[in-house]
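The values are calculated or read from the model by the stated rules, or taken from the named source; none is laboratory data. Just so it is clear, the model here is predicted, and its values are computed rather than measured. Methodologically, a virtual Cβ is constructed for each residue, glycine included, from the backbone with ideal geometry; neighbour enumeration extends over all protein chains shown. For accessibility, only protein heavy atoms count, side chains too; no ligands or nucleic acids. Shrake-Rupley method; radii C 1.70, N 1.55, O 1.52, S 1.80 Å.
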Amino acid sequence: MISILILTDPANSDIHILQKNSKMPKNKKLFHIKAELLSKKYLKFTVFKNIKFTIKTGDSIAITGPNGSGKSTLLKLIAGIEKPTSGVIEYFYNDQAVNQEQLIRYLGFISPTISPYNELTGLENIQFVIGSRDINNINTEELLKRFELYKHKNKRLKYYSSGMKQRLKLLISILHDPPILMLDEPGSNLDQNGKDIIYSYLNSERNKKIIIIATNEEEEAKLCNGSISFN
Amino acid sequence: MEASASIKSVVSNLKKEFTIEFRNRFAVNVALSFAAISTIAISLALGGIPISPKMKAVLFWIIMFFSAMNGLSHIFTREEEEGTSLFLRLNVTPESILSSKLIFNIIIFLLLQIIITPLYIFFLQVEIKSIIPFLLTLFTGGLSLASITTILAAIVAKAGGKGSLFTIISFPLVLPVLWIVINSTFISLDKQNYYQYNNLLFLLAFSATIIAVSFLLFKYIWLEE
């Protein structure tokens with residue numbers, strides 16, 4: 001058992017970080033993310049400042065807080081989609097530094113702002129990502145069945161319900177078996193059955209990956225062994 | 001990324017572009033409608049009055065230019081409008097995105113030329129005196145216009161997808177290309193067996209420069225917040 005090392009600037013009282021224990025994964029391929037004095041400003045509005053943390057494989061972190069507190073922004077910064085106003089985020093895979101360009105190989109990311117192609121079917125969207133990422137040896141049928149999308153695989157996405165789209169987004173984000181999984185409100189638009197499918201997947205992968213979830217749902221926060229909360 | 005993986009990624013992206021295009025046919029429909037309507041309108045307006053080869057070359061490339069501007073700009077703005085740009089960015093490298101979109105625009109533009117040129121020849125009773133130089137001008141001119149529109153479409157899409165900006169910002173880049181292709185087309189309509197290798201070489205070199213600069217700049221344009 002090792003503890004997650006998450007530190008923040010004590011002067012910043014708006015952000016509380018809870019430390020719990022995480023299990024060390026059995027495989028030796030370890031990813032770790034280190035953030036130093038991370039701040040984000042939009043014009044004069046400061047979203048957050050001076051956040052420090054280190055997360056490694058086996059850690060699962062929930063980012064919680066009210067709407068507009070900066071949960072999604074922090075997630076985007078960690079995913080390299082947005083740049084911090086100040087501070088740095090470093091990524092290491094087996095102690096080798098990973099740059100921003102290489103990061104997409106290791107990252108699975110879903111958010112309400114991401115949309116697969118509505119004009120393509122579910123299966124075509126999956127095949128597009130498999131081809132683009134040069135993924136081999138993947139059992140697409142099994143994944144489609146696991147996410148209860150097999151029956152709908154040949155339907156264009158514009159005819160999918162929002163819950164089906166959400167399940168497809170998660171399926172697509174894990175096709176390349178990424179060591180980092182970042183989920184912004186993964187349970188949104190899902191019924192209880194859809195949530196169960198996603199939560200069961202996250203539970204099964206918790207110790208093998210870094211999982212970061214931005215959420216307001218208590219149920220989702222409970223899946224994680226650490227949290228960053230914005231007040 | 002290995003070369004085979006990069007090629008696979010470009011092919012996969014290209015397949016996606018063509019599937020989407022042939023399901024909603026936006027670029028082709030817009031460009032073809034524009035070209036067909038303007039060709040017929042010019043033909044009717046002229047009402048059989050003969051015009052000089054120079055004028056025929058000018059009108060032909062004006063139609064091709066505006067068809068390209070209307071149809072091909074959509075390649076990147078569509079990603080922004082439909083919210084798929086982040087999905088694309090997270091799954092495909094910038095180099096593969098640019099390569100596939102560039103190849104897509106070149107193929108679509110050449111297809112448009114294949115359809116529009118016979119229409120134009122028929123409605124305006126164009127006589128081509130040097131067929132091979134004419135075809136080579138079409139190809140090299142098409143290559144130049146498609147490469148310019150691809151990188152400019154990426155810039156415009158990131159500038160808030162303001163499609164109306166597209167024709168305006170493309171004008172300074174397109175001007176030398178239009179100048180050369182009009183001249184070269186005029187010569188192939190007017191003179192027999194007259195090859196304008198300098199013009200064709202200029203167009204090829206211009207396209208190569210635009211493509212090289214696009215590959216250098218695209219990553220910064222695409223990854224801009």
Range of Cα positions in the stretch A:97-144 per principal axis (Å), largest first: 36, 29, 16
task: Go ahead and set up a Gaussian network model of chain A, Cα springs under 10 Å, then flag whichever of A:Ile81, A:Ile61, A:Ile51 fluctuates most.
output: A:Ile81
statement: Taking Cα atoms only, helix A:162-173 is inclined relative to the longest principal axis of chain A by an angle, in degrees rounded to 10, of 70 degrees
query: What is the calculated FRET efficiency for B:Val11 to B:Ala205, with r their C-beta to C-beta distance and R₀ = 35 Å, to the nearest 0.05?
result: 0.80
query: Among the trypsin sites (Lys or Arg not before Pro) within the stretch B:132-225, which fall in a DSSP loop and have no more than 12 other Cβ atoms within 10 Å of their own Cβ?
result: B:Lys162
- request: DSSP loop (so not H, G, I, E, B), at most 14 other Cβ within 10 Å: list which chymotrypsin sites (Phe, Trp or Tyr not before Pro) in the stretch B:133-225 pass both filters.
  value: B:Tyr194
statement: The FRET efficiency for A:Asp177 and A:Phe92, from their Cβ-Cβ distance with R0 = 22 Å and rounded to 0.05, is 0.75
task: Starting from the coordinates of the alpha-carbon atoms of chain A, obtain the Kirkwood hydrodynamic radius over all distinct pairs and give the value in Å to one decimal.
output: 18.2 Å
task: Could you check which residue among B:Val11, B:Val58, B:Val156 shows the biggest mean-square fluctuation in a GNM of chain B with a 10 Å Cα cutoff?
output: B:Val11
- request: Leaving out ligands, DNA and RNA, calculate the buried accessible area for the pair A and B with a 1.4 Å probe, summed over both sides, in Å² to the nearest 100.
  value: 2600 Å²
message: What whole-number volume per residue, in cubic angstrom, does the convex hull of the C-alpha atoms of the stretch B:2-222 give?
response: 120 Å³
- prompt: At B:Ile121 and B:Val58, where each label point lies 7 Å from the Cα along Cα→Cβ, what is the point-to-point distance in nanometres?
  reply: 2.4 nm
field: Within the stretch A:88-169, trypsin sites (Lys or Arg not before Pro) in DSSP loop having at most 16 other beta-carbon neighbours inside 10 Å
entry: A:Lys155
statement: Rg from C-alpha atoms of the protein assembly as shown, normalised by the globular rule of thumb 2.2 N^0.38 Å, equals 1.17
message: Working only with C-alpha atoms, what are the Rg and Dmax values of the stretch A:75-169, expressed in angstrom?
response: 16.0, 47
message: Distance cut-off 27 Å, Cα to Cα: go down the list A:Lys155/B:Lys219; A:Lys83/B:Lys158; A:Lys208/B:Lys16; B:Lys101/B:Lys191; A:Lys165/A:Lys209; A:Lys56/B:Lys219 and report the pairs above it.
response: A:Lys155/B:Lys219; A:Lys208/B:Lys16; B:Lys101/B:Lys191; A:Lys56/B:Lys219
statement: antiparallel share of DSSP beta bridges within the protein assembly as shown, to nearest 5, in %, is 60 percent
- request: Rounded to whole Å and ordered largest first, report the semi-axes of the equivalent ellipsoid of the stretch A:187-227 derived from its Cα gyration tensor (root of 5λ).
  value: 17, 13, 7
- prompt: Relative to the first principal axis of the alpha-carbon coordinates of chain A, what is the inclination of helix A:192-205, with its axis defined by its Cα atoms, in degrees from 0 to 90 and to the nearest 10?
  reply: 60 degrees
Axial C-alpha extent at least 27 Å, average Kyte-Doolittle at least -1.0 - helices from chain B (DSSP): B:3-24, B:26-46, B:53-72, B:94-123, B:131-158, B:164-190, B:197-222
- prompt: In chain A, what % of DSSP beta bridges are antiparallel (nearest 5)?
  reply: 60 percent
- prompt: Given labels modelled 7 Å from the Cα in the Cβ direction, how far is it in nm from A:Lys34 to B:Ser33?
  reply: 5.7 nm
- prompt: If the viscosity is 0.692 mPa s and the temperature 37 °C, what translational diffusion coefficient in µm²/s does Stokes-Einstein give for the stretch B:1-108 when Rh comes from Kirkwood over Cα pairs?
  reply: 206 µm²/s
Extended-chain gain in nm, criterion 0.36 nm per residue less alpha-carbon gap, B:Phe171 and B:Glu224: 16.7 nm
Point-to-point label distance, A:Glu205-A:Glu101, nm (Cα→Cβ direction, 7 Å offset): 2.6 nm
- prompt: With r defined as the distance between the Cβ atoms of A:Tyr42 and A:Ser161 and R0 fixed at 25 Å, what FRET efficiency is calculated, to the nearest 0.05?
  reply: 0.15
- prompt: Could you give the angle, 0 to 90 degrees to the nearest 10, between helix A:122-133's Cα long axis and the longest principal axis of the Cα atoms of chain A?
  reply: 60 degrees
task: Quantify, in whole percent, the carbon and sulfur part of the accessible surface of chain A (1.4 Å probe; protein heavy atoms only).
output: 48 percent
Segment A:Glu217-A:Lys151, extension gain: residue separation times 0.36 nm, minus the distance between their alpha carbons: 20.8 nm
message: Suppose every Lys and Arg Cβ carries +1 and every Asp and Glu Cβ carries -1, with no other charges. What dipole size does chain B come out with about its Cα centre, to the nearest 20 debye?
response: 300 debye
